[in-house]
């Protein structure tokens, strides 16, 4: 009996472009959240796609092309964020400033107090609507780590926001 081997998925320019076109809005939301700026977020998405296209031979096929592209774009956003000063106000995907009411400010401040991994897991789960497996592939961690990190982030946000309400 012959064993059928699945042809490995490749990160072809067409495959990358297809994912990019389908998920551009989510890539931009997450990159903007990571960098704190719509302009830097757009730069990160463009830089991430350019990196992915130029380094597509490094895709090993251990996950999906989409998860690999997420990883490249998240890393580009993290790199840009580390080199740029943090903006005072986050912007939404349309580029308008988020209302600077007390609650939005408290949420923004609370997110800033979370660990980088907690913030990334939250952004990927709620801004990009990725499932736990895709987040794990994107961040290079186990699925259980995603679940635990998300649980810890929720608990920390509840605690931080309840402390803020009491003030």
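The values are calculated or read from the model by the stated rules, or taken from the named source; none is laboratory data. All of these numbers come straight from a predicted model, not from anything done at the bench. Counting neighbours? That spans all protein chains shown, and the Cβs are built from the backbone with ideal geometry, glycine included.
Inside segment 108-167, can you point out the residues that are surrounded by 15 or more Cβ atoms within 10 Å (Cβ to Cβ) and not in a helix (DSSP H, G or I)?
114, 128, 130, 141
Can you pull out the residues in segment 48-76 that are assigned to a helix (DSSP H, G or I) and surrounded by fewer than 19 Cβ atoms within 10 Å (Cβ to Cβ)?
Of everything in segment 48-76, those that are assigned to a helix (DSSP H, G or I) and surrounded by fewer than 19 Cβ atoms within 10 Å (Cβ to Cβ) turn out to be 50, 51, 53, 54, 56, 57, 58, 71, 75.
Among all residue pairs at least 6 apart or on different chains, which show Cβ distances below 7 Å where the first residue, located in segment 71-85, is outside the structural domain of residue 19 (by TED's automatic domain parsing) and closer than 14 Å to residue 51 by Cα and the second is at pLDDT 95 or above and surrounded by 20 or more Cβ atoms within 10 Å (Cβ to Cβ)?
none
Working only within segment 119-134, note down all residues that are over 19 Å from residue 41 (Cα atoms) and touching a helix residue (DSSP H, G or I) at 6+ places or on another chain (Cβ under 7 Å).
Result: 132, 133, 134.
Output the number of the condition that residue 10 fails; it satisfies all remaining conditions of (1) part of a helix (DSSP H, G or I); (2) at pLDDT below 95; (3) under 24 Å from residue 141 (Cα atoms).
(1)
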